[in-house]
Amino acid sequence: RKKVTLGSLQSLYKKGEPITVMTAHDFPSAHVADAAGMDVILVGDSLAMVALGMADTSEVTVEDMLLHCRSVARATRAAFTVGDLPMGSYEISPEQALETAIRFVKHGRVQSIKLEGGKEMAPTIAKLTQAGIPVLAHVGLTPQRQNSLGGFRVQGKTSKSAMRVLEDALAVQEAGCFGMVLEAVPAEIASIITQKLSVPTIGIGAGNRCSGQVLVQVDMSGYFPPGRFIPKFVKQYGNVWAESLRAIESYRDEVKSRQYPAREHIYPIPKEELEAFAK
Ligand code: KIV
Ligand code: NA
């Protein structure tokens with residue numbers, strides 16, 4: 001498979017072919033996403049929950065993100081990589097954002113970064129883009145701002161609020177982002193916004209008229225115990241948890257019953273050597 005570049009993402013967008021994006025948080029999750037032909041692998045700050053067991057994304061640090069970005073980068077052959085700037089690492093000034101983004105490229109080994117926010121982030125997006133760091137913007141529901149949004153709420157459900165999402169999308173496009181995640185927006189609004197733009201929208205909870213889609217790998221592959229809350233927009237394509245549980249339970253049972261290790265799992269020794277040793 002050929003290495004995905006900004007240029008090849010642009011040509012997918014021009015052809016109207018949906019861009020596939022998947023999160024990954026470590027070497028195996030990136031390896032499998034790359035093998036499955038994902039165009040883009042995103043090291044999302046959702047790793048706070050799915051890989052580190054935190055309650056939300058507010059606790060995750062730049063150092064945490066860089067460690068995970070590096071492991072993802074080592075596994076990624078073809079996909080274009082994006083690292084998510086965590087809360088607190090880019091909002092203070094465009095300079096702070098550029099410093100953090102440079103660390104992501106140098107020490108996280110990712111090819112681009114993502115940051116949340118609309119109009120107010122335009123100068124920051126321009127700064128990073130001018131420094132040669134491609135930026136994936138993120139508008140609509142921006143989970144890092146859950147406290148001021150009053151939780152994880154669908155955005156753009158009124159004409160006024162939809163207009164704000166559109167204004168944000170136009171502003172981040174104008175600032176030079178190569179695309180934007182559009183999260184938790186009614187499908188019709190996402191479709192209209194996508195049509196008004198000249199850069200791709202990567203939808204999550206935003207219907208099938210976006211220029212591409214992204215899901216959190218642990219959610220879509222079902223690598224979580226039964227009963228965990230999953231947002232309405234997630235489709236669970238597999239049940240990795242059930243398969244992993246089955247495998248580990250079989251191992252447990254076979255160890256307890258001495259069925260494992262069997263003959264084929266042990267190292268032989270010549271009979272005479274054994275006899276000499278056992279004497
Ligand atoms: O952190 C994340 O995984 C994300 C995607 C869901 C877009 O931001
Ligand atoms: Na994120």
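Tally Lys/Arg at +1 and Asp/Glu at -1 over every other residue whose Cβ is under 14 Å from the Cβ of Gly118; what's the total? Local charge sum for Gly118: -3.
Dipole of the chain computed with +1 at Lys/Arg Cβ and -1 at Asp/Glu Cβ about the Cα centre; of Pro134, Ala48, Ser198, farthest Cα towards the positive end is Ser198. Taking amide H as placed 1.01 Å from N in the peptide plane, the amide H of His138 sits under 5 Å from that of Leu115, Gly117, Val181, each at least 5 places away or on another chain. Can you give the angle from 0 to 90° between the axis of helix 240-256 and the longest principal axis of the chain, with both taken from C-alpha atoms, to the nearest 10? The helix 240-256 is inclined about 20 degrees to the chain. Helical content of the chain, expressed as a calculated mean residue ellipticity at 222 nm, amounts to -12500 deg cm²/dmol (DSSP H runs of 4 or more residues, -39,500 (n - 2.57) each, divided by residue number, nearest 500).
Each of the peptides 263-274, 207-218, 134-145, 246-257 was scored by the mean count of other Cβ atoms within 10 Å over its residues; in descending order, highest first, they stand as 134-145, 207-218, 246-257, 263-274. Return one number: the angle in degrees, 0 to 90 and rounded to the nearest 10, between the long axis of the Cα atoms of helix 94-107 and the longest principal axis of the Cα atoms of the chain. Orientation of helix 94-107: about 30 degrees from the principal axis. Of the residues Gly212, Ala169, Val255, the one whose Cα sits farthest towards the positive end of the charge dipole of the stretch 135-279 is Ala169 (charges of +1 on Lys and Arg Cβ, -1 on Asp and Glu Cβ, taken about the Cα centre).
With the charge dipole of the chain set up from +1 on Lys and Arg Cβ and -1 on Asp and Glu Cβ about the Cα centre, the Cα lying farthest toward the positive end among the listed residues Val105, Tyr223, Gln236 is that of Gln236.
Ordered by packing density, taken as the mean number of other Cβ atoms within 10 Å over each peptide's residues, highest first, how do 180-189, 10-19 rank?
The densest-packed peptide leads the list: 180-189, 10-19.
Dipole magnitude for the chain: about 620 debye, using +1 per Lys or Arg Cβ and -1 per Asp or Glu Cβ, origin at the Cα centre. Take every DSSP beta bridge whose two residues both sit in the chain; close to 5 percent of them are antiparallel. Which entries of Lys127/Lys235; Lys15/Lys235; Lys15/Lys127; Lys256/Lys279; Lys14/Lys127 show an alpha-carbon separation above 32 angstrom in the structure shown? Result: Lys127/Lys235 exceed 32 Å.
None of the figures in this text is laboratory data; all of them are computed from the coordinates on show. The structure displayed is predicted, hence computed values, not measured ones. Here Cβ is always computed from backbone atoms with ideal geometry, including for glycine, and neighbour counts include all displayed protein chains.
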